[in-house]
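Report on the following structure.
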Amino acid sequence: MSTNDSQPEEPMGSELPPQDRPEQDVPREAQPAQPARPAEPAETAETAASAADAAPDAAQAVAPAQTGRQRLAEGLWPPRVSRAQLIVALLLFVLGLGLAIQVRSNSDSSALRGARQEDLVRILDELDGRTKRLEDEKQQLEDQRKELESSSNQAEEARRQTIEKERQLGILAGTVAAQGPGITLKITDPKGQVQSDQLLDTLQELRAAGAEAIQVNGVRIVAGSFFSDEGGGIGIDGKKITQPYEFKVIGKAQDLEPALNIPGGVVQTLEKEQATVAVTRSAKIVVDALRAAKQPDYARSSSS
């Protein structure tokens with residue numbers, strides 16, 4: 001018997017119910033619509049991360065590529081140093097400096113410790129010689145300083161003595177004004193009996209008593225001064241003066257006044273001529289009449 005005969009044939013026109021049909025045979029229009037599922041959280045995070053990673057890649061693709069030197073320069077400048085880093089760097093610098101100094105001193109001392117006896121003796125001799133040379137130089141400088149001070153003092157003293165001598169000679173020569181204690185002698189001669197020789201005797205008596213500067217009626221008396229009779233009057237060095245005759249004398253008043261009042265002296269002689277004599281002591285007498293300095297025609301200093 002054949003197989004075909006053993007299986008019953010299905011009728012041609014018969015169809016299976018819809019629930020019994022295979023799924024692929026059911027038309028799409030007939031399948032019920034299923035609701036859309038919401039996206040998983042994990043899928044959303046992965047999508048965002050992929051987009052973020054893609055953004056720098058896109059920027060790098062747009063920006064030009066940098067070299068290694070440029071990236072190193074950007075990393076080093078501008079420096080980003082904190083205060084703590086600066087303090088640490090300073091401490092390290094100080095520590096390194098101290099170590100370097102210590103190493104150098106240790107090297108020097110170790111070099112001396114390792115030197116031979118002959119080298120040490122030579123070094124000591126050199127130091128002794130250098131010390132002696134420095135001491136000699138110091139002594140020379142001290143001697144030069146003393147000489148300079150002495151010469152400076154001598155020059156200053158000589159200059160001071162020269163100025164003082166010039167002042168003294170100027171007073172005697174009548175080229176500078178003078179002041180000091182002394183007397184004022186006033187002679188009044190109403191009858192005109194006083195002669196030039198009597199005034200000259202008065203001048204000589206004052207000089208002998210220690211007068212240092214004398215002025216008579218505005219005329220300075222010097223070593224070469226002379227008195228003369230000038231037609232009814234008296235002249236000094238050719239300049240006529242009128243009475244009363246006033247002598248301004250600088251000197252020691254205790255010696256000048258007694259010299260004029262001695263018996264038979266100047267005062268008594270003038271009073272015999274019916275003249276009036278008045279002597280007044282003063283703590284300050286000013287002799288300000290000056291004589292022009294004259295250059296001698298023939299006399300010269302013996303030192304020239």
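Do the alpha carbons of any pairs in Lys191/Lys284; Lys240/Lys272; Lys191/Lys240; Lys191/Lys252; Lys186/Lys294; Lys186/Lys239 sit beyond 21 Å of each other, and which pairs? Don't skip to the end; give the middle numbers.
Values: Lys191/Lys284 32 Å; Lys240/Lys272 24 Å; Lys191/Lys240 18 Å; Lys191/Lys252 32 Å; Lys186/Lys294 30 Å; Lys186/Lys239 19 Å.
Distance filter (> 21 Å) returns Lys191/Lys284; Lys240/Lys272; Lys191/Lys252; Lys186/Lys294.
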**Fill in**
Restricting to lysines and to Cα separations under 26 Å from Lys138, and discarding same-chain partners fewer than 8 apart, the set is Lys146
**Most to least packed among 265-275, 129-139 [average Cβ atoms within 10 Å]** = 265-275, 129-139
**Complete:** Cα extents of the stretch 147-304 along the principal axes, largest first, in whole Å, come to 69, 37, 23
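Determine Rg/Rh for the stretch 223-278; Rg is computed over alpha-carbon atoms and Rh is the Kirkwood hydrodynamic estimate from the same atoms.
Values: Rg = 13.2 Å, Rh = 13.2 Å.
We get a ratio of 1.00 for the stretch 223-278.
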**Message:** Tell me whether the stretch 119-211 comes out rounded, prolate or oblate; compute the Cα gyration tensor, take square roots of the eigenvalues as a ≥ b ≥ c, and use a/c under 1.5 as the rounded threshold.
**Reply:** prolate
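Compute the length gained on full extension between Asp237 and Arg167: take 0.36 nm times their separation in residues and subtract their Cα-Cα distance, giving the result in nm to one decimal.
On the way: separation 70, 0.36 × 70 = 25.20 nm, distance 2.35 nm.
Answer, rounded to one decimal: 22.8 nm.
Decide, for the stretch 249-304, between rounded, prolate and oblate: order the square roots of the alpha carbon gyration tensor eigenvalues as a ≥ b ≥ c, take rounded if a/c falls under 1.5, and otherwise choose prolate if a/b is larger than b/c, else oblate. Walk me through the numbers before you get to the answer.
On the way: a/c = 2.65, a/b = 2.14, b/c = 1.24.
Note, shape of the stretch 249-304 comes out prolate.
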**Item:** Ser282-Leu148 FRET efficiency (beta carbon distance; Förster radius 45 Å; 0.05 resolution)
**Value:** 0.40
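What trypsin sites (Lys or Arg not before Pro) does the stretch 146-195 have in DSSP loop regions with at most 10 other beta carbons within 10 Å? Walk me through the numbers on the way to the answer.
On the way: sites: Lys146, Arg159, Arg160, Lys165, Arg167, Lys186, Lys191; in loops: Lys191.
For trypsin sites (Lys or Arg not before Pro) across the stretch 146-195 that sit outside H, G, I, E and B with at most 10 neighbouring Cβ atoms in 10 Å, the list reads Lys191.
Laboratory data are not the source of any read-out in this text; all were calculated from the coordinates shown. Just so we're clear, the structure is a prediction, and the values are computed from it rather than from any experiment. All Cβ positions, even for glycine, are placed from backbone atoms using ideal geometry, and neighbour counts span all protein chains on display.
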